[in-house]
Amino acid sequence: MLDQYLPVLMQLSVATGFAVSTLLISVLLGKSAKSNAIKDSAYECGMLPIGDDKPRFSVKFYVIAMLFVIFDIEVVFMYPWAVTFKNFLANGQAAMVFWSMSGFVGILLVAYLYALKKGALSWKS
Amino acid sequence: MPILISFIKIVMVIFVVILPMVAYSVWAERRVSAVIQERVGPNRVGIPFTKIRLFGLGQPIADGIKFLLKEDFTPGHVNKFYYWLAPALTMVPALLTCAVLPFGSELFGEKMVIADLNVGPLFIFAIASLSVYGIVLAGWASNSKYSFLGGVRSSSQMISYEISLGLSLVPVLLIFGELNLSEIVWEQSKNGWLLLPFWGDGAIWNGGVDRFFLLFPAFIAFIVFTTSIFAETNRLPFDLPECETELVAGYHTEYSSMKFALFFLGEYAAMIIGSGLIVTLFLGGWSLPFGLDAYLMNMTGDPEQIPWWLGLIHIGTFLAKVIVFILFFIWVRWTLPRFRYDQLMRLGWIIFFELALVNIFITAGILILTRGSAS
């Protein structure tokens, strides 16, 4: 059962090996780095950096991340439903399988409409 | 022995197919953009020490050597560990997602897919969403305003479009009732591609009743899926994370030499694998159109056995379809202007989210109505 994941593991090691080795080769072959105060400063179109190097950003990004977690889980729950849908149809349980998913999506739809009404997804301001 | 075979497949896919394809899609991008903008583009680098230019086909190799030989500089103001980790974290998931893509039918009785998992699309989403870490870390560890803004924008864009990507796939799974990508391609080979269901007896289309009705939700799913792939790979018209006019280069502003090249390679590899996924799900993967597969297999006498030449044709067909999609990606990039950030979020969260959700219920409704027995 799990041995079908063995090639994935091998590919992971090959891909990691490729990434690490190219970085190492670049260190070995590349021109050795010299630094000075200007070169060490953050890039700001040629000017000296002004202010905090991590500016504050809109709280909307956090809201988006939280909404993502909720709705991505919804998507993942839909996959097994979608895959078994035809089997339920063949057994004549169409109404049950259709309305159960409608209920699940309906509950999340309330949350979605609430977020929409609250302006969580509006970037106008 | 199976370990050796899968090792050969992995090495072939990564080093003979994906990486050269990445290098030459960069070359193609530069040449095509030059044609679109009425420039010449890179046409000089051919065979070294001769005057043979070969349309500049040596350019990607020269670029690669240049990336390796450039000064390997780590700025003093960055967080060193995560700064070095980020490029690798972008590259590895991009190369890992191709493990479940079937790139051919069979060659000498061996399935042309690295890992024939029963959870293909789930695996791809799981791994592809890891690549957001590389971008966030690059933006955060660089300690620079432009990198930081680029990283925040990019992560929020990628997670937003992941939802419409996932939702647009549900109708496809409803139609096929299958999560194994190899099986999905086999079904399409026998019964018609999802967007071209015109041959075979149409077993998955219920004998042809819902064949044409399902074309409509399949097409909507295709549009949403393709556009979301554009957003996931951060390409125009969704390249907000690195729009040059606002953020210099976005999350890789502070990167140079091979570390920058890994971001670049990862982005193009993600584009190629995204094209491969679109082709696999909607356009029949490696299969030939109009039932030619069944015809050619019957011609050889044994309809269960795939001869080696047909296996090679299948691999060639898959690559040809992927190349068409890469050219489409390039064409779109040099044709459309960039979205504004609020437009991008509106498209992802309001238009695509609702369209994909409605599309699921349309597909389910069509399936119920055409298959009757709703008692």
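The values are calculated or read from the model by the stated rules, or taken from the named source; none is laboratory data. What you see is a predicted model, and the numbers here were worked out from it, not measured in a lab. Every residue, glycine among them, receives a Cβ derived from its backbone with ideal geometry; neighbour counts consider all protein chains shown.
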Could you pull out the residue among B:V35, B:V40 that is away from chain A (no Cβ under 14 Å), without any contact (Cβ under 8 Å) to a residue 12 or more places away in the chain and assigned to a helix (DSSP H, G or I)?
B:V35
Does A:M78 satisfy being surrounded by 12 or more Cβ atoms within 10 Å (Cβ to Cβ), out of contact with any Leu (no Cβ under 6 Å at 6 or more places or on another chain), closer than 19 Å to B:P171 by Cα and more than 7 Å from chain B (Cβ to nearest Cβ)?
no
Which of the residues that make up region A:15-30 are over 18 Å from B:F81 (Cβ atoms), in contact with a helix residue (DSSP H, G or I) (Cβ under 7 Å, 6 or more places away or on another chain) and either surrounded by fewer than 18 Cβ atoms within 10 Å (Cβ to Cβ) or basic (K, R) (or both)?
A:I25, A:L29
Within region A:85-111, track down each residue that is assigned to a helix (DSSP H, G or I) and either among the acidic types (D, E) or more than 28 Å from B:I350 (Cα to Cα) (or both).
A:K86, A:N87, A:F88, A:L89, A:A90, A:A94, A:A95, A:M96
Kindly evaluate B:F328 against the criterion of being surrounded by 16 or more Cβ atoms within 10 Å (Cβ to Cβ), under 22 Å from the mean Cα position of the chain (by Cα), on the phi < 0 side of the Ramachandran plot and aromatic (F, W, Y).
no
Return the pair list, or none, for Cβ contacts closer than 9 Å from residues in region B:110-127 that are more than 8 Å from every other protein chain (Cβ to nearest Cβ) and within 16 Å of A:V75 (Cα to Cα) to residues that are among the hydroxyl-bearing types (S, T, Y) and surrounded by fewer than 21 Cβ atoms within 10 Å (Cβ to Cβ), at least 6 apart or on different chains.
B:V119/A:Y79
Looking only at region A:91-109, and only at residues there that are modelled with pLDDT under 85 and more than 8 Å from chain B (Cβ to nearest Cβ), the one that is nearest to B:V170 (Cα to Cα):
A:V97
Among the residues of region B:339-369, write down those that are surrounded by fewer than 16 Cβ atoms within 10 Å (Cβ to Cβ), within 24 Å of the chain's Cα centre (by Cα) and closer than 16 Å to A:S102 by Cβ.
B:E354
Identify all residues within region A:14-40 that are part of a loop (DSSP other than H, G, I, E, B) and within 30 Å of B:V13 (Cα to Cα); write none if there are none.
A:G30
Tell me whether region B:60-77 contains one or more residues that are in contact with a Phe, Trp or Tyr (Cβ under 7 Å, 6 or more places away or on another chain), assigned to a helix (DSSP H, G or I), away from every other protein chain (no Cβ under 13 Å) and not aliphatic (A, V, I, L, M).
yes
